[in-house]
Every structure is written in structure tokens, then in C-alpha cells.
Amino acid sequence: MSADQPTGFVSCVKVDNQTFGSLDIFNSKKEAEQAAAKNACNQLNITGVKNFKGMLHDYMFRATCRHSPPVHYETTMSADQPTGFVSCVKVDNQTFGSLDIFNSKKEAEQAAAKNACNQLNITGEKKKKAKRKKEKKKAKSKKRSGSEVCFSQIDFGSDADEGRGFNDPYLRNLFTDILGGPKYLQFGTWAPYYYQIDVECLLNASKTAQEWTEEPAIASHYQRVAIQVLYPSQLCYNSYRPTGKEQTKQRHLEIMGYKVVHVPFDEINMKNKATTLSEKMDYLHKKIFD
């Protein structure tokens with residue numbers, strides 16, 4: 001406890017017969033001990049980075065936009081001590097020395113790199129943050145790709161566009177013209193298990209449209225076609241691939257004997273001036289009858 005402040009704490013740490021204090025009063029023992037350790041590290045010139053050459057190289061690699069960094073080391077025997085080494089590093093026409101004599105070339109070059117990092121104010125914090133961010137992203141990706149999937153994390157899309165395909169007058173006219181008239185199709189039908197279908201029609205063996213009927217005995221002789229108009233909320237981001245909800249619906253309808261035809265709305269949208277009406281009709285004809 002501090003004599004000047006009864007509720008405060010001070011601390012000191014002994015390293016090799018040297019004592020280093022916390023230099024201030026703190027509210028907890030932990031803070032006081034951390035301050036004493038920090039003071040010892042500063043006085044003994046202890047840092048968390050050992051590979052200063054690597055840190056300097058990475059800094060120049062980023063600074064020069066991934067070109068070969070202009071870092072050159074010149075290491076020689078010391079004139080004052082024949083068995084010692086000194087080194088200097090050149091960074092962008094600046095020279096930084098090792099400031100002392102060392103027993104090996106490696107130590108001399110590390111000291112020169114450390115001096116350069118200190119002078120250029122280069123720290124390893126950015127590299128550590130980038131590494132932590134990469135590890136966090138990797139862990140998140142590994143969690144998502146695991147065998148067990150949490151369904152609360154799956155985006156099944158929005159139901160806001162459910163049913164728009166058969167309520168749009170432009171689309172109703174388009175599908176009616178394709179199939180040959182209103183008697184050959186039905187809008188907004190319901191399949192078993194409450195699956196809503198935008199447009200439903202019947203095709204015979206020669207792939208021509210048959211007059212629509214709900215009689216199971218007659219409809220069972222033909223191929224039932226379920227046409228789904230997919231809006232942006234029913235498609236994966238930046239693609240024409242249906243969302244998980246739509247793909248599940250497709251699989252269930254196919255099990256029940258339907259041929260499912262997905263038509264992205266952007267392909268047949270009348271505001272899409274990239275294609276003419278005849279090209280849109282050809283596109284739909286191929287999707288339904290091929």
C-alpha cells in the first residue's frame with residue numbers, strides 16, 4: 001500500500017540485482033505490477049519484437065507496393081575488436097548503424113535493423129493486428145464449414161416477393177402468350193405441403209402444352225411444370241443461384257413429380273432494354289419446353 005495514498009498501490013520488481021519501481025500510485029496491485037514491469041523493460045531495453053530484420057523487410061515490402069524492398073546490409077569486422085562485428089543497413093538512401101560491436105554477423109545486423117525501426121518509428125503492432133484478424137477470420141470460416149450447421153444462422157431469404165410472379169399483369173400476359181392461351185395454364189396454384197407455384201402447366205410426351213385440369217386422373221398422364229419467377233430476394237447475392245429456401249422447395253416439388261423451371265425476373269423484366277420482347281419469349285420457350 002502507498003504511504004501517501006492509503007487506497008493506492010505501488011510496486012517494484014528485482015531483475016539481476018536491479019530494482020525498478022512503478023513510478024506512480026495505482027488503484028490495484030495488478031496495475032502497479034504492470035507499471036513496474038514496463039519500467040524494467042524500458043530500462044533494460046526489452047521489447048516484444050526479436051526479428052527486427054523481418055519487421056523492417058515487411059515494412060518496406062508494403063511501402064514499395066510489393067516490389068523488391070531497397071534494404072541492404074553491410075557487415076564487417078570491427079577495427080577496434082578483431083573478433084567482433086559491426087553492421088549498417090541502407091533504407092531509401094538512409095544509413096543506420098548497429099551502434100555497438102557484436103559477436104556475430106546476425107546480432108550486428110539485427111541491431112542495425114532495430115536502430116532503423118526505432119528511427120523510422122516502425123512497430124510490429126500492425127503486423128500483429130493483421131495476424132489476429134486473419135486468425136479470427138479463419139476460425140469463423142472453419143466454424144461455418146463444420147458438419148453441424150446452426151439453422152438460426154441460415155438466411156432463407158425474404159417472403160416479400162412470394163407470389164409476385166402471378167400477380168404481375170405483364171408476366172401473366174407473357175406466360176399466356178408462350179403457352180398458347182389462358183386455358184393452358186394456371187396462376188397461383190398450391191402444391192401439397194403448402195408450396196405456392198407462380199405458374200403451372202401440363203406438357204405431354206411431345207412437350208406441347210395441354211389444356212389445364214385439376215383432375216388427378218387426367219393430370220397424372222402429363223408432366224406437371226411449376227414455373228417460379230425469382231426476384232432478387234429469392235436469389236443469392238450477385239448471382240442467379242436460388243437461395244437455400246428456393247432450392248429446398250425445388251427438391252420437394254421434384255420429388256412430388258413436378259418439373260421446376262426457375263426464371264430470374266431480371267431476364268424477362270420489361271424494363272430490361274438489353275433484350276427485345278421476342279428474345280425474352282425465346283428465352284422462356286427454351287426454359288419451359290426444352
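The values are calculated or read from the model by the stated rules, or taken from the named source; none is laboratory data. All values derive from a computational prediction rather than experimental measurement. Glycine also receives a Cβ, built like all others from the backbone with ideal geometry; neighbour counts cover every protein chain displayed. SASA here: full protein model, heavy atoms, side chains in, ligands and nucleic acids out. Shrake-Rupley method; radii C 1.70, N 1.55, O 1.52, S 1.80 Å.
Rounded to the nearest 20 debye, the dipole magnitude of the range 204-290 is 300 debye, with +1 charges on Lys and Arg beta carbons, -1 on Asp and Glu beta carbons, and the Cα centre as origin. Here the range 193-262 has 53 percent of its accessible surface on carbon and sulfur atoms, given a 1.4 Å probe and all protein chains in place. The protection proxy used here, the mean number of other Cβ atoms lying within 10 Å of each residue, ranks peptides 236-248, 219-231 as follows, highest first: 219-231, 236-248.
Over 19 Å between Cα atoms: which of LYS106/LYS134; LYS53/LYS134; LYS53/LYS114; LYS207/LYS287 fall into that group?
Working: LYS106/LYS134 30 Å; LYS53/LYS134 22 Å; LYS53/LYS114 7 Å; LYS207/LYS287 12 Å.
Flagged as over cut-off: LYS106/LYS134; LYS53/LYS134.
Here the simple spin-label model places points 7 Å from the Cα toward Cβ, and for GLU214 and ASP92 these points are separated by 7.8 nm.
Given a 1.4 Å probe and every protein chain left where it sits, what share in percent of the accessible area of the range 70-114 is carbon and sulfur?
Details: 1400 of 2750 Å².
Looking at the range 70-114 in its full context, I get 51 percent from C and S.
Could you list, in their original order, any pairs among LYS133/LYS249; LYS249/LYS280; LYS105/LYS133 whose Cα atoms are separated by more than 30 Å? Each step should come with its number before you reach the end.
Numbers: LYS133/LYS249 38 Å; LYS249/LYS280 25 Å; LYS105/LYS133 35 Å.
The pairs that break the limit, which is 30 Å between Cα atoms, are LYS133/LYS249; LYS105/LYS133.
For the pair GLN223 and ASN269, the difference between a 0.36 nm per residue extended length and the Cα-Cα distance amounts to 13.9 nm. A cut-off under 12 angstrom between Cβ atoms defines the neighbours of MET281, and their net charge, with Lys, Arg +1 and Asp, Glu -1, is -1.
Taken per residue, the accessible surface of the range 165-290 reaches 56 Å², heavy atoms only and a 1.4 Å probe.
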